Amino acid sequence: LAFLFFLQVPQNNTPKGVTVGFATCLLFVFLTIPAAIAAKIWYGVSLADSDWLHGSAESLLTITNLVTVVAFRQALSFEEQERNGIRGSVPESVLSYAPMTKLVGGLTAVAFLTALLPGLVGAEVHTPYLGGILDIPPRALPWSASHPEPENALTIACWIIHITSLVEFLVAMGFCWRYADITGNPKWKGLTWGLLPLHSSGITACTYHLFYNSIPVLVPLQAMLTCIGNTTAMFAAYRIAKSNGWSTPWGNIPYLDDVGMNDDGNSDK
């Protein structure tokens, strides 16, 4: 919440759609909670061990990152055209929350259906996400009989959701770096660094799933990286706001205003 507050202060002129994209992560968090509760109450397992619930919940994070990337791309394209002397209309997603909010609503409705429909037809604990539509039949794999996967193995569709989220987040981090060059404010590069622990959190989650959720220490490690990432992203957004002339109503914050990393990743003097 602090990250979003500092990101959207008027002095930053942050594209509205980008703010919507990052804010949608809260939707992912809030809707994942009932999915995890359902997995525990209905089946007695964690969310990660119920593929159809897991995939539906994780798709919300894919939506979050997709919206952020689309909004950032639209803003960058416009700014690059302006820099090259090409006049064009400002994308609506730069000036208004509405376009990306509508996109979030539509995609979230689709994600909701991927959980609702299996639930209505009596899905079991290991019912595959999207019916296992992309899975290779075990009989087509000569080694499957002697080396079968555990029942909690992720389906191909669920893996696609996870990997897509990681790739989208990397693209969003790269767009933050480019936005620094386009706007002439190098503090935006700090947001790329600030988001790095969150990307590491996603890699940790995928590692946990790769080993069939059998390395429990990775769960608190992921939580720690998420906490660190939220903090560093907040700090980066705070630095962006301060660099654009925003001032805190409570005065300077010790250390936050004077200590940190400069825009190329080196220590400030």
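The values are calculated or read from the model by the stated rules, or taken from the named source; none is laboratory data. Values in this document were obtained by computation on a predicted structure and should not be read as measured data. With ideal geometry, Cβ positions are generated from the backbone for all residues, glycine too; neighbour counts draw on all protein chains shown. Heavy atoms of the whole protein, side chains included, go into the accessibility calculation; ligands, DNA and RNA do not. Shrake-Rupley method; radii C 1.70, N 1.55, O 1.52, S 1.80 Å.
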Handout entry: Selection count where residues are more than 9 Å from Gly194 (Cα to Cα) and assigned to a helix (DSSP H, G or I), scope the stretch 234-247
Key = 6
Handout entry: Residues located in the stretch 105-141, provided they are under 20 Å from Ala39 (Cβ atoms), within 25 Å of the chain's Cα centre (by Cα) and in a loop (DSSP other than H, G, I, E, B)
Key = Pro128
Handout entry: Qualifying position, being under 24 Å from the mean Cα position of the chain (by Cα) and open to solvent by 20 Å² or more (accessible area, probe 1.4 Å), among Val45, Val70
Key = Val70
Problem - Near pairs, Cβ below 6 angstrom, 6+ apart or cross-chain, from the stretch 218-233 (part of a helix (DSSP H, G or I)) to any residue that is among the hydrophobic types (A, V, I, L, M, F, W, C) - result: Gln222/Ala205; Gly229/Leu198; Ala233/Phe3; Ala233/Leu195
Fill in the blank from the handout: Of the residues in the stretch 56-77, those that are small (Gly, Ala, Ser) and within 14 Å of Val29 (Cα to Cα) come to Ser56, Ala57, Ser59
Exercise for the section: For the stretch 92-104, enumerate the residues that are over 30 Å from Ala38 (Cβ atoms) and without any contact (Cβ under 8 Å) to a residue 60 or more places away in the chain. Expected result: Glu92, Ala98
Exercise for the section: May I ask you to list the residues in the stretch 99-143 that are open to solvent by 40 Å² or more (accessible area, probe 1.4 Å), modelled with pLDDT of 90 or more and more than 17 Å from Ala57 (Cα to Cα)? Expected result: Thr101, Lys102, Leu103, Val121, Gly122, Ile133
Practice task
Give the stretch 160-189 a look and list any residue that's without any contact (Cβ under 8 Å) to a residue 12 or more places away in the chain and in a helix (DSSP H, G or I), or say none.
Solution key: Val167, Asp181
Exercise for the section: Sort out which residues of the stretch 72-104 are of a type in the set (D, E, K, R) and either part of a helix (DSSP H, G or I) or in contact with a His (Cβ under 8 Å, 6 or more places away or on another chain) (or both), and write them in order of number. Expected result: Arg73, Glu79, Glu80, Glu82, Arg83, Glu92, Lys102
Exercise for the section: Being at pLDDT 95 or above and open to solvent by 60 Å² or more (accessible area, probe 1.4 Å) narrows it down to one of Leu191, Leu225, Leu170, Leu218, so name that one. Expected result: Leu170
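Can you work out which of the residues in the stretch 144-167 that are open to solvent by 20 Å² or more (accessible area, probe 1.4 Å) and within 23 Å of the chain's Cα centre (by Cα) is farthest from Val69 (Cα to Cα)?
So, considering only residues that are open to solvent by 20 Å² or more (accessible area, probe 1.4 Å) and within 23 Å of the chain's Cα centre (by Cα), the one farthest from Val69 (Cα to Cα) is Ile156.
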Exercise for the section: Kindly indicate whether any position in the stretch 206-214 is among the hydroxyl-bearing types (Ser, Thr, Tyr), assigned to a helix (DSSP H, G or I) and in contact with a Cys (Cβ under 9 Å, 6 or more places away or on another chain). Expected result: no
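For (1) within 12 Å of the chain's Cα centre (by Cα); (2) open to solvent by 30 Å² or more (accessible area, probe 1.4 Å); (3) in contact (Cβ under 8 Å) with a residue 12 or more places away in the chain; (4) closer than 18 Å to Ser201 by Cα, each residue gets a yes or a no:
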{"site": "Gly17", "(1), (2), (3), (4)": "no, no, yes, no"}
{"site": "Pro34", "(1), (2), (3), (4)": "no, yes, no, no"}
{"site": "Ala57", "(1), (2), (3), (4)": "no, no, yes, yes"}
{"site": "Thr64", "(1), (2), (3), (4)": "yes, no, yes, yes"}
{"site": "Glu79", "(1), (2), (3), (4)": "no, yes, yes, no"}
Practice task
Answer with yes or no whether Cys176 is hydrophobic (A, V, I, L, M, F, W, C) and under 27 Å from Gly55 (Cβ atoms).
Solution key: no
